[in-house]
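Participant: Supplied in structure tokens, the structure appears directly below.
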Amino acid sequence: MRISHSTTNGEAYVHEIPQFGLGVFLMSEEGECKSACLAALEAGYTHIDTARAYSNEHEVGEALKESGTSREDVFLTTKLRRMHAIGYDEVLEHCQKSLEYLDTDYIDLYLVHAPPEDEAHREPVWRGMEYCLEQGWVKAIGVSNFGAHHLDMMRSYARYLPAVNQIEMNPWLQRPALRAATEAIGAKVMAYSPLARGHKLDDPALQVIAERLGCTPAQVAIKFCHEMGCITIPKSSKPERISENLASLDVDISSEMQAISALECGYISGWDPTSEP
Ligand SMILES: NC(=O)c1ccc[n+]([C@@H]2O[C@H](COP(=O)([O-])OP(=O)(O)OC[C@H]3O[C@@H](n4cnc5c(N)ncnc54)[C@H](OP(=O)(O)O)[C@@H]3O)[C@@H](O)[C@H]2O)c1
């Protein structure tokens, strides 16, 4: 999938992003993230989504080196921590730290983890992100947990609009309006918590759909996000689930799209900064 930054003069900074990847949130035991990344790279994953807030960027970097995979064959997404999103200089400083932890020369996609809490910080933070892009420290910049009003505000101060908005999206929280607002500024939707953090996998309606399709409930939820055009990043620390989740891409769910869409219930599995001022 292609991501790009639209500017008033046309498009610049075009980059290819794999539409599927491994999320590494809540891998708090030492070595857990590294093992999961190694299992994922072995299984054929080409995209890893981490964040400064997850305190495991160094394990992602170690896994990449240990796996022997070439840097250009893996897409690395990481995020500017919310507590660091307080000014232009802080963005530059923390981007450099992420590069150091990941032990890499460039980050493929760098995201503002959530709208900076102080509204006055939003413009200087984005200016810092744009600087990182222009320096080549990162190949693409984007946001996460931005609501439609946050995205609209960006039109007044961004020179490069975001390439991606990473938001919670899954069969139980489909967000058609926010997905449309994201696409309207030229960004792609990246679906986090595609399994609603595992909270809904025993949903009887989902289990019936999975039985009809001959796949697992997790595969239905993941393939749904993918089918809706989202970049999809399920998390698992278990090698067998890491493979199961990747195999969801081969499941044909077209006959069940209506039934899956009917699972919508506005369920938020974690936090939701998109509704903040
Ligand atoms: N930008 C943001 O604010 C934000 C917020 C949340 C998440 N994210 C990103 O999105 C990624 C994914 O979201 P998430 O970690 O919140 O949750 P998720 O991917 O929706 O669900 C992960 C949970 O589901 C379980 N699981 C995974 N595969 C399974 C399978 N095949 N069968 C049964 N259970 C399965 C995992 O357990 P096991 O590990 O034990 O398999 C874990 O408990 C994160 O890792 C992170 O990279 C971003």
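Participant: Please state which one of Trp137, Trp172 is of a type in the set (Phe, Trp, Tyr) and closer than 18 Å to Val189 by Cα.
Facilitator: One residue alone meets the criteria, Trp172.
Participant: Only one residue in Ser248, Ser237, Ser243 is within 21 Å of the chain's Cα centre (by Cα) and buried (at least 18 other Cβ atoms within 10 Å of the Cβ), so which one is that?
Facilitator: Ser248
Participant: Name the residues in the stretch 150-176 that are free of Cβ contacts under 8 Å to residues at least 40 places away in the same chain and either more than 17 Å from Glu227 (Cα to Cα) or within 11 Å of the ligand (Cβ to nearest atom) (or both), would you?
Facilitator: Residues satisfying the conditions are Leu151, Asp152, Met153, Met154, Arg155, Ser156, Tyr157, Ala158, Asn165.
Participant: Mind listing whichever residues of the stretch 264-277 are open to solvent by 20 Å² or more (accessible area, probe 1.4 Å) and either of a type in the set (A, V, I, L, M) or out of contact with any strand residue (DSSP E or B) (no Cβ under 6 Å at 6 or more places or on another chain) (or both)?
Facilitator: Those that are open to solvent by 20 Å² or more (accessible area, probe 1.4 Å) and either of a type in the set (A, V, I, L, M) or out of contact with any strand residue (DSSP E or B) (no Cβ under 6 Å at 6 or more places or on another chain) (or both): Glu264, Cys265, Gly266, Ile268, Gly270, Trp271, Asp272, Ser275, Glu276, Pro277.
Participant: Determine if the stretch 178-188 includes at least one residue that is assigned to a helix (DSSP H, G or I), open to solvent by less than 10 Å² (accessible area, probe 1.4 Å), more than 10 Å from the ligand (Cβ to nearest atom) and of a type outside the set (Ser, Thr, Tyr).
Facilitator: Taking every residue of the stretch 178-188 in turn, none turns out to be assigned to a helix (DSSP H, G or I), open to solvent by less than 10 Å² (accessible area, probe 1.4 Å), more than 10 Å from the ligand (Cβ to nearest atom) and of a type outside the set (Ser, Thr, Tyr).
Participant: If you don't mind, another one. For the stretch 101-130, enumerate the residues that are in a helix (DSSP H, G or I), out of contact with any Cys (no Cβ under 9 Å at 6 or more places or on another chain) and away from the ligand (no atom under 16 Å from the Cβ).
Facilitator: Residues satisfying the conditions are Glu119, Ala120, His121, Arg122, Glu123, Pro124, Trp126, Arg127, Glu130.
Participant: Quick check on the stretch 255-277: of everything there that is assigned to a helix (DSSP H, G or I) and under 19 Å from Lys188 (Cα atoms), which residue is nearest to the ligand (Cβ to nearest atom)?
Facilitator: Here the answer is Pro273.
Participant: Give the residue, chosen from Ser144, Ser98, Ser70, that is more than 16 Å from the ligand (Cβ to nearest atom) and either modelled with pLDDT of 95 or more or within 21 Å of Ser55 (Cα to Cα) (or both).
Facilitator: The unique qualifying residue is Ser70.
Participant: So, one more: Report, by residue number, each residue of the stretch 226-253 that is more than 10 Å from the ligand (Cβ to nearest atom) and without any contact (Cβ under 8 Å) to a residue 24 or more places away in the chain.
Facilitator: Of everything in the stretch 226-253, just one residue is more than 10 Å from the ligand (Cβ to nearest atom) and without any contact (Cβ under 8 Å) to a residue 24 or more places away in the chain, namely Asp250.
Participant: Please enumerate the residues belonging to the stretch 189-216 that are under 24 Å from Ile167 (Cα atoms) and open to solvent by 70 Å² or more (accessible area, probe 1.4 Å).
Facilitator: Passing the criteria: Arg197, His199, Asp202.
Participant: Still on this model: Based on this model, can you work out whether Gly136 counts as of a type outside the set (Ser, Thr, Tyr) and touching a Leu at 6+ places or on another chain (Cβ under 6 Å)?
Facilitator: no
Participant: Do you know which of the residues in the stretch 11-53 that are of a type in the set (S, T, N, Q) and in contact (Cβ under 8 Å) with a residue 60 or more places away in the chain is surrounded by the most Cβ atoms within 10 Å (Cβ to Cβ)?
Facilitator: Applying the filter and picking the extreme gives Gln19.
Participant: So Asn56 passes all but one of these: (1) surrounded by 21 or more Cβ atoms within 10 Å (Cβ to Cβ); (2) over 17 Å from Val138 (Cα atoms); (3) within 13 Å of the ligand (Cβ to nearest atom); (4) touching a residue at least 40 places away in the same chain (Cβ under 8 Å). Which condition number does it fail?
Facilitator: Evaluating Asn56 over (1) surrounded by 21 or more Cβ atoms within 10 Å (Cβ to Cβ); (2) over 17 Å from Val138 (Cα atoms); (3) within 13 Å of the ligand (Cβ to nearest atom); (4) touching a residue at least 40 places away in the same chain (Cβ under 8 Å) leaves (4) as the failure.
Participant: If you don't mind, another one. Hey, can you tell me all the residues within the stretch 30-51 that are over 14 Å from the mean Cα position of the chain (by Cα), within 11 Å of the ligand (Cβ to nearest atom) and of a type outside the set (Gly, Ala, Ser)?
Facilitator: Glu32, Cys33
The values are calculated or read from the model by the stated rules, or taken from the named source; none is laboratory data. Please read all numbers here as calculations on a predicted model, not as lab measurements. When we count neighbours, we look across all protein chains shown, and the Cβ atoms used for this are built from the backbone with ideal geometry, even at glycine. Please note that ligands, DNA and RNA were not included when accessible areas were found on the heavy atoms of the full protein model with its side chains. Shrake-Rupley method; radii C 1.70, N 1.55, O 1.52, S 1.80 Å.
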